[in-house]
Amino acid sequence: MLILTRKQGESVAIGDDIQVTVVEIQGKQVKLGVKAPREVAVHRQEIYEKIQQENIRASQVQDLDLSELRQVISSESQKADKGGK
């Protein structure tokens, strides 16, 4: 990990397209500004981790049992054929 010291108003360049600027320092809190192309996702670490967890969860969705759906569709179709609701 590269560790740099920056003062308020100073920046760090990452490649040609990304710039991180120290916007404000208040006590133990630092506000950063990030300039990056729209196609580069920029998130706080805790948000990034939640996105990753959700992506993993979504990729592990079990196959759905479609037999119940077929029964509902068949039942609704029969009702429509009889003119009912």
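What to note about this one:
- Charge dipole magnitude, Cβ of K and R +1, D and E -1 - the chain, Cα centre, debye nearest 20: 360
- Considering only I18, I73, Q52, and ranking their Cα positions along the charge dipole of the chain that arises from unit charges at the beta-carbon of Lys, Arg, Asp and Glu, the one farthest toward the positive end is I18.
- Here the Debye sum runs over all C-alpha atoms of the chain as equal scatterers in vacuum, and log10 of I(q)/I(0) at q = 0.10, 0.11, 0.18 Å⁻¹ comes out as -0.54, -0.58, -0.96.
- Sparsely packed GluC sites (Glu not before Pro) within segment 1-51, loop by DSSP, other Cβ within 10 Å at most 16: E10, E39
- Considering helices alone, the calculated mean residue ellipticity of the chain at 222 nm is -11500 deg cm²/dmol, with DSSP H runs of length four and up weighted by -39500 (n - 2.57) and normalised per residue.
Rule-based calculations on the coordinates, nothing more; no lab input. Not measured: the values here are computed from a predicted model. Every residue, glycine as well, gets a Cβ built from its backbone with ideal geometry; the counts of neighbours run over all protein chains shown.
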